[in-house]
Amino acid sequence: MGSFTRAFSLSIIFLFAGFSFDQPPATADTGGAKPAVAQKSAVAIVLFTSWRDPSEGAFTLNVPQKWNISGGTSRNASIDPRHFVYATSPNRKIQIFIGDPKLVPNQVPDRMMQMGGFREGQVIRGAWGGPVLLARYQPGEQYARGYVSRKLCRAPSAVNASTLQEASRELSARAAEYGRATGAVAQAWVGEAVFRCGQQAGYVRASTVLAAPAAGAGAQVWDVLELSGYIAAAPGDEKFARYVMDNMVASFQMDPQWQARQARTLRDVTEAVTRAQQQMAATVAQQARAEAKSNQIDVMSGWEKNNKARDAAMQRDSEVRRGITTAEDPVQGSRTVSNDYNYYWTRPDGSIVGTTTDTPPDYSSGWRMMSTH
């Protein structure tokens, strides 16, 4: 590789393998108000808790409580960290993944390399000591489709892959800023693939970024910025799996101290490059949050519809005798709480607080009033 390739490869590995999302994990701060004692929910509600990378402490994210979680940080070389998380539901009917520890940077093979005997599909040693795969660039849609058959299902059926145009435009704009900071031309594509594998239903979302020298000859290098997906045991579990996946991706947060240590390893990564990195990753997180918000209402309303019609009148009479009541929220659904308070409040992380007046616990945590019978 030439001098541009060496410098660019170092920075692109840091960008793609050490990306960060700008949404911090949710906390349980109640602003000093006493939380209401929530008993068994009237509907099924998934609760998230913070999970930290056990290998290097490089990142945290929100994961569903009581799910089996594994993952961490893996390195193909000292400057090539790969972050990944696997989550499996308690009944093992849903499996979610974020990242892949076996991914490596890619370089598009050119005529000079072919003359030297190198061919597509070979893995060569990069100037920094880590592996590089010789491969033609794959936009997000193509990469997502190929990942299904390579890693998730040997004989998938009904594969439907598409490019996410708006997401691609937003991420490509951030990639262009990154390219200008490194003297390169960069573009990005985001794609998704929905598939069936026997009775299972699956989904993969991938974002890939390609960069080349802004002027003159040089290597074209590319990598996977975002990779996430799920496999559900039955088509009916798809919406819930997508909701959990989007919430996990949106909450991914890098540890600043870990990032500082990694930045010192790559001294030719400038502040402008780091800034562009954060902007691109923030775009990915924002898109995931938007998906989670729209999907969340559908998931919760489906549960509420199935349970709401069951013995509603008898339930209210029973609640009065037992000293409890049902508080409802259009997003979080129905929750059973003590009837010691006149008003109940909730926020996006699922916390519930009771008050005697119609004033929220505080005005900075996104509290919204719940309705009661």
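All of the numbers you see were taken from the coordinates with simple rules; none came from a lab. Values in this document were obtained by computation on a predicted structure and should not be read as measured data. Virtual Cβ from ideal backbone geometry, glycine too; neighbours counted across all protein chains shown.
Counting charges near Arg92 (Lys, Arg +1; Asp, Glu -1) among other residues having Cβ under 14 Å from its Cβ returns a value of +1. Between the beta carbons of Asp100 and Ala215, assuming R0 = 35 Å, the FRET efficiency works out to 0.55 to the nearest 0.05.
Among Met112, Met369, Met248, Met254, sorting on how many other beta-carbon atoms sit within 10 Å of each Cβ, with the fewest leading, yields Met112, Met369, Met254, Met248.
Between Ser50 and Ile124, the FRET efficiency estimated from the beta carbon spacing at R0 = 30 angstrom works out to 0.15. Neighbours of Arg169 by Cβ distance under 15 Å: Lys/Arg scored +1, Asp/Glu scored -1, total -3. In this label model, Glu177 and Ala290 are separated by 1.6 nm, measuring between points 7 Å along each Cα→Cβ vector.
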